[in-house]
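S.K.: Take a look at the following structure, please.
The values are calculated or read from the model by the stated rules, or taken from the named source; none is laboratory data. All of these numbers come straight from a predicted model, not from anything done at the bench. Ideal geometry is used to build each Cβ from the backbone, glycine not excepted, and the neighbour counts take in all protein chains shown.
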Amino acid sequence: MITWKPFTVKDIIRETPSTSTLVLSGKMEMQPGQFIMLTDFATGEKPFAFSFVSENECGLTIKAVGKFTSAITRVPVGSTVYLRGPYGNCFTLPGKDKKLILVGGGCGTAPMRLWLRHLLQHGYSNITFINGARSADELLYASEFRSYPIELITSTDDGSEGYAGFTPDILREVLTNSAFDILYTAGPELMMKKVHEVIGSTPLESWFLLERYMKCGIGICGQCTLDPAGIRLCIEGPVISGEVLNSIDEFGTYTRDAYGGRKVFAGIGCT
Ligand SMILES: Cc1cc2nc3c(=O)[nH]c(=O)nc-3n(C[C@H](O)[C@H](O)[C@H](O)COP(=O)(O)OP(=O)(O)OC[C@H]3O[C@@H](n4cnc5c(N)ncnc54)[C@H](O)[C@@H]3O)c2cc1C
Ligand code: FES
């Protein structure tokens, strides 16, 4: 049975001109990488990953790209929103000796932040994080990341902060100079496609957090199915291994709209 849990919007933090964090009062049991379906019972219902969870609060960092995300990031503080889930698979903790590299681009930095915090809480110390955005004003959690005991590499497409360039190009450089065991990434699909190409035939284990238009979120409607393997992203994902992505033809090529029609990815920017 599907049940929605009410959460009070305690605060809305304007992170960047396009992106806000809904701070919700209440506890949510979930694992990094999983997602929930969020609704206000007025504008619609859409999937989101958490950007933080604590004992009595949790946060959704949302980029306003359309009708639902524009409305939900403007609800009054004190109002109630409803969550169902968590759904999907999650990132799993690797061996403590592993050298990890995380790549977050644009809004994909939100679930990467939760994963990073989780790793640090569990005592992982060998972590490099590439945090990219289009421009300095769209960089998420920049000062928070600077306070962590990690190797932080910041990049912007326009060079307004950190390295100038796209995150996959920075990744290529980093991988030329250092070896890692596992890569985790979330962000725009064109960025992740290029990350996938960069790691190519290296032995690096890799995990990608994908997004697709979702309706049911529980494996019934078929809306989020990936061609040609028939993987339902809401059940077998949203975390997919780089190895499995080798056989997903639509990865980085097209997604589907609300009616199931193909929507080709376009653009030169990555974040
Ligand atoms: C597992 C998962 C986790 C997600 N986590 C986050 C998150 O933490 N923060 C966040 O801001 N967004 C996240 N999203 C994406 C979010 O669900 C969409 O941005 C949202 O559904 C857009 O709704 P809308 O009505 O505002 O826009 P729409 O009117 O539905 O779409 C506006 C534009 O955005 C595109 N779009 C819509 N949904 C997606 C999608 N899933 N992937 C790529 N493009 C899309 C549409 O094609 C259209 O061009 C996640 C999606 C999934 C599947
Ligand atoms: S969203 Fe319905 S099957 Fe995945």
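S.K.: Select from the range 167-206 the residues that are among the hydrophobic types (A, V, I, L, M, F, W, C) and buried (at least 24 other Cβ atoms within 10 Å of the Cβ) and write down the one among them that is farthest from Ile235 (Cα to Cα).
M.R.: Leu171
S.K.: Separate question: State yes or no: is Thr128 in the same structural domain as Thr167 (by TED's automatic domain parsing) and part of a strand (DSSP E or B)? Spell out how you get there, then give the answer.
M.R.: On the way: in the same structural domain as Thr167 (by TED's automatic domain parsing): yes; part of a strand (DSSP E or B): yes.
Yes, satisfied.
S.K.: Determine whether the range 131-150 contains at least one residue that is within 22 Å of Pro203 (Cα to Cα), touching a residue at least 12 places away in the same chain (Cβ under 8 Å) and not assigned by TED's automatic domain parsing to the domain that holds Ser25.
M.R.: No - not one qualifying residue is present in the range 131-150.
S.K.: State which residue is nearest to ligand 1 (Cβ to nearest atom) when the search covers only the range 179-238 and only residues that are part of a loop (DSSP other than H, G, I, E, B) and of a type in the set (Lys, Arg).
M.R.: Of all residues in the range 179-238, those part of a loop (DSSP other than H, G, I, E, B) come to 179-181, 187-188, 200-204, 210-224, 227-230, 233-238.
Restricting the remaining residues to those that are of a type in the set (Lys, Arg) gives 212, 215.
Values: Arg212: 6, Lys215: 10 Å.
Once the filter is applied, the top-ranked residue is Arg212.
S.K.: Do we find a residue being among the charged types (D, E, K, R) and closer than 23 Å to Leu171 by Cβ anywhere in the range 208-228?
M.R.: To start, the set of residues in the range 208-228 that are among the charged types (D, E, K, R) comprises 211-212, 215, 227.
Now restrict to residues that are closer than 23 Å to Leu171 by Cβ: 211.
Taking every residue of the range 208-228 in turn, at least one turns out to be among the charged types (D, E, K, R) and closer than 23 Å to Leu171 by Cβ.
S.K.: Please enumerate the residues belonging to the range 34-43 that are farther than 19 Å from Asp257 by Cβ and away from ligand 2 (no atom under 15 Å from the Cβ).
M.R.: Of everything in the range 34-43, those that are farther than 19 Å from Asp257 by Cβ and away from ligand 2 (no atom under 15 Å from the Cβ) turn out to be Asp40, Phe41, Ala42.
S.K.: Could we say that Ser201 is among the small types (Gly, Ala, Ser) and at pLDDT 95 or above here? Explain how you work it out, then say what you get.
M.R.: Numbers: among the small types (Gly, Ala, Ser): yes; at pLDDT 95 or above: no.
Taking the combined requirement at face value, the residue does not satisfy it.
S.K.: Okay, moving on. Please go through the range 42-72 and give me each residue that is aliphatic (A, V, I, L, M) and more than 28 Å from Glu236 (Cβ to Cβ), ordered by number.
M.R.: Ala42, Ala64, Ala71, listed by residue number.
S.K.: For Phe166, state whether it is touching a strand residue (DSSP E or B) at 6+ places or on another chain (Cβ under 6 Å), among the aromatic types (Phe, Trp, Tyr) and not assigned by TED's automatic domain parsing to the domain that holds Ile62.
M.R.: No.
S.K.: Follow-up question, since we're still on this one. Go through the range 73-93 and count every residue that is closer than 20 Å to Glu236 by Cα and either in a strand (DSSP E or B) or touching a Lys or Arg at 6+ places or on another chain (Cβ under 7 Å) (or both).
M.R.: Residues meeting the conditions: 4.
S.K.: For the range 44-62, give me each residue that is closer than 20 Å to Tyr87 by Cβ and away from ligand 2 (no atom under 16 Å from the Cβ).
M.R.: The answer is Phe50, Ser51, Phe52, Val53, Cys58, Gly59, Leu60, Thr61, Ile62.
S.K.: Looking at the range 242-259, is at least one residue in a loop (DSSP other than H, G, I, E, B), touching a Leu at 6+ places or on another chain (Cβ under 6 Å) and within 12 Å of ligand 2 (Cβ to nearest atom)?
M.R.: no
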